[in-house]
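One structure is given below, encoded as C-alpha cells.
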Amino acid sequence: MQASKVRIDSCPMPIFFQHTVNDSTRIGVWKIEESEGFFKDSVPVHREVSHPHKRLQHLAGRFLLRYLFPSFPYDLIQIADTRKPYLPNDAFHFSISHCGDFAAVIISPDQRVGIDIEKPVGKLEALKEKFSTQEERALFPDEGLSNLTLIWSAKETVFKWYGKGKVDFREHIQLEKYDPVNQQISGFFTKTELHFEITYTWLEGLAVCWLVRREARIVNSE
C-alpha cells in the first residue's frame with residue numbers, strides 16, 4: 001500500500017483531511033465522531049434516510065460542502081434520477097462519497113469533479129472480472145486487495161464525475177497507466193471520448209480518488 005504523497009493543507013480539527021487541488025477546487029474528508037445533533041443544527045436533511053449511520057454519513061457530507069465553501073446554497077440541492085445530488089444552476093460542481101465513519105467531498109465552482117473513498121473489502125476479489133480487465137490489473141504490481149480497491153475506486157470516481165448513469169465499469173472506463181510515484185491513474189472514458197487523470201491517496205487504510213476535468217461531452221448515452 002502506498003503511503004500518502006499528497007500534501008495535506010494545514011487545517012483545524014475535526015476535519016480529517018483537507019486538500020486544495022487548484023485555485024477553485026477543494027477536497028475535504030470528515031471523520032464522523034459527532035452525533036446527529038451536531039450536524040442538524042446547520043445542515044438541512046434533503047431526503048429521508050432511515051438507517052442511523054447512513055443518515056450521519058448523509059449529514060456529514062453536506063456539512064462539508066459549506067465547510068469548504070461557506071456560500072454553498074444547501075437549499076438549492078436537487079437529486080437527479082441517477083441519485084446524484086446537484087445544483088440546477090451549476091453554481092457549484094460537487095461530488096460526495098461515504099465509507100464507514102468517513103465522508104469525502106470535492107467541490108468546485110467552475111470544473112466538473114468526482115470523488116470516491118473506499119475500504120479494501122474481500123468481495124472485490126470475487127467481482128474483479130466484472131469491473132476490470134486482465135490488462136488493467138497487469139498495470140499494477142500485483143492483484144492484491146489494495147490494488148483492486150484502487151482500480152474500483154478510480155472507476156467509481158469517473159462514474160461520479162460523469163453523473164449520468166448507465167456506465168459499464170469494464171467496458172466504458174479503461175485504465176491505461178498507473179503511476180505510484182505521483183499517485184495518479186490515467187485512462188480513457190469511452191462515453192465522452194475523453195482521457196482522464198485521477199489522483200489518489202491513502203488515509204487510514206482507505207483509498208481516496210478524485211477527478212477534476214472541465215469537459216464532459218456526451219457522444220453515446222447507451
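The values are calculated or read from the model by the stated rules, or taken from the named source; none is laboratory data. None of these values were measured; they are calculated from a predicted model. All Cβ positions, glycine included, derive from the backbone under ideal geometry; neighbour counts span all protein chains shown. Ligands, DNA and RNA are stripped out before the accessible areas are found, and what is left, the full protein with its side chains, is counted by its heavy atoms. Shrake-Rupley method; radii C 1.70, N 1.55, O 1.52, S 1.80 Å.
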- Kindly check whether there is at least one residue in segment 116-135 that is open to solvent by less than 10 Å² (accessible area, probe 1.4 Å), at negative phi and in contact with an Asp or Glu (Cβ under 8 Å, 6 or more places away or on another chain). yes
- Would you mention how many residues in segment 57-92 are among the small types (Gly, Ala, Ser), within 19 Å of Asp116 (Cβ to Cβ) and either part of a loop (DSSP other than H, G, I, E, B) or open to solvent by 70 Å² or more (accessible area, probe 1.4 Å) (or both)? 1
- Item | All positions within segment 67-81 that are free of Cβ contacts under 8 Å to residues at least 24 places away in the same chain and within 24 Å of Thr20 (Cα to Cα) | Pro70, Ser71, Pro73
- Filtering segment 162-179 down to residues that are under 11 Å from Leu139 (Cα atoms) and open to solvent by less than 40 Å² (accessible area, probe 1.4 Å) yields Leu175, Tyr178, Asp179
- Taking Ile117 as meeting all but one of (1) modelled with pLDDT under 95; (2) within 14 Å of the chain's Cα centre (by Cα), write down the number of the exception. (1)
